[in-house]
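Written below as structure tokens is the structure these notes are about.
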Amino acid sequence: MIHLKPKQVLVALDFDSYEQAITVSRNLDPNKFRLKVGKQLFSAEGPKILDNFHKQGFEVFLDLKLHDIPNTVYKTLKNIFSFGVWMTNIHLLGGIEMIQAAKEAQLDSDKENLLIGVTVLTSLKDSHLKEIGIMKDINSLVSKLSLAAKQASLDGVVCSVHEVKKIKKDFGLDFLTVTPGIRLKQEKGDQMRAASLETAVKENTDYIVLGREISQAEDISKMINKLESYII
Ligand code: C5P
């Protein structure tokens, strides 16, 4: 039996408009689920969409995976933190200085928020890294980038379910793991390092990102009811 904690599932609203996004969010109880707003919806609707969801009582993970020069990341994060989001992220491949600048922005913010770093996208496998000249295998790169995040006192990382155990062992149980690429039954599609919901729970990941499993479900409310039945 699968046991989920309340608000452990972050529902990815990967849509082009608020009207489309609410086809999913109106079925969700903010006491049971959090929302993830990514580049697609944010670039279509802008920050006002966050106000809408906050007013409805949702906590939001703003997933923009910032990757830029340190000064730009610092200033962008200052803006993002002012929106009052629960969590946001940077891409750890931006380098140590960029990671430190991001942490500084978090410390300079007067709002409570979590800052996490993306290690290696779950759509990538070893051969994809080689294609772009990265000769490290995924596991070593994920470890190296997680260490950088830990050393800069970030709150955790985005990684695949398969990497959670090692990250928790190396960096402690309170170093958060956010894991996308979770499938219930569907094909893994573009997610190369996918895992089942059962495995995600077994591996004790902190947060589970579910996107298309909900948004492309034949019956969205049935799928959400099923997930709710796992929450204890
Ligand atoms: O539809 P699916 O469940 O695959 O959605 C995954 C979501 O998680 C998408 O919004 C995607 O941008 C995000 N994500 C990811 N891999 C990462 C980080 C975030 O798939 N490493």
Can you find, within region 187-219, the residue that is farthest from residue 162 (Cα to Cα) among those that are touching a helix residue (DSSP H, G or I) at 6+ places or on another chain (Cβ under 6 Å) and more than 9 Å from the ligand (Cβ to nearest atom)?
217
Just wondering, is there one or more residues in region 206-223 that are touching a residue at least 60 places away in the same chain (Cβ under 8 Å) and over 18 Å from the mean Cα position of the chain (by Cα)?
yes
Test: residue 107 is out of contact with any helix residue (DSSP H, G or I) (no Cβ under 8 Å at 6 or more places or on another chain) and either farther than 22 Å from residue 207 by Cα or open to solvent by less than 10 Å² (accessible area, probe 1.4 Å) (or both)
yes
Identify, by number, the condition in (1) open to solvent by less than 30 Å² (accessible area, probe 1.4 Å); (2) farther than 24 Å from residue 38 by Cα; (3) among the acidic types (Asp, Glu) that residue 170 doesn't meet.
(1)
Cβ pairs under 6 Å, 6+ apart or interchain, first in region 69-94 and under 19 Å from residue 145 (Cβ atoms) and of a type in the set (Val, Ile, Thr), second open to solvent by less than 30 Å² (accessible area, probe 1.4 Å) and part of a helix (DSSP H, G or I), ordered by first then second residue, are 73/98; 73/101; 73/102; 88/80; 90/102
Residue in region 130-143 that is surrounded by 14 or more Cβ atoms within 10 Å (Cβ to Cβ) and either among the aromatic types (Phe, Trp, Tyr) or within 25 Å of residue 25 (Cα to Cα) (or both) present
no
Going by the conditions given, is residue 120 in contact with a strand residue (DSSP E or B) (Cβ under 6 Å, 6 or more places away or on another chain) and in a loop (DSSP other than H, G, I, E, B)?
no
Hey, among the residues in region 95-125 that are within 15 Å of the ligand (Cβ to nearest atom) and hydroxyl-bearing (Ser, Thr, Tyr), which one's farthest from the chain's Cα centre (by Cα)?
123
Which one of the conditions (1) farther than 27 Å from residue 23 by Cβ; (2) open to solvent by less than 30 Å² (accessible area, probe 1.4 Å) does residue 214 fail to meet, given that it meets all the rest?
(1)
Residues of region 106-159 classified as under 14 Å from residue 92 (Cα atoms) and not hydroxyl-bearing (Ser, Thr, Tyr), total
23
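The values are calculated or read from the model by the stated rules, or taken from the named source; none is laboratory data. Owing to the predicted nature of the structure, the values given are computational and were not obtained by experimental measurement. Neighbour counts are summed over all protein chains in view; Cβ atoms, including those assigned to glycine, are modelled from backbone coordinates with ideal geometry. When the accessible area is computed, the model is the full protein with side chains, heavy atoms only, and any ligands, DNA or RNA have been set aside. Shrake-Rupley method; radii C 1.70, N 1.55, O 1.52, S 1.80 Å.
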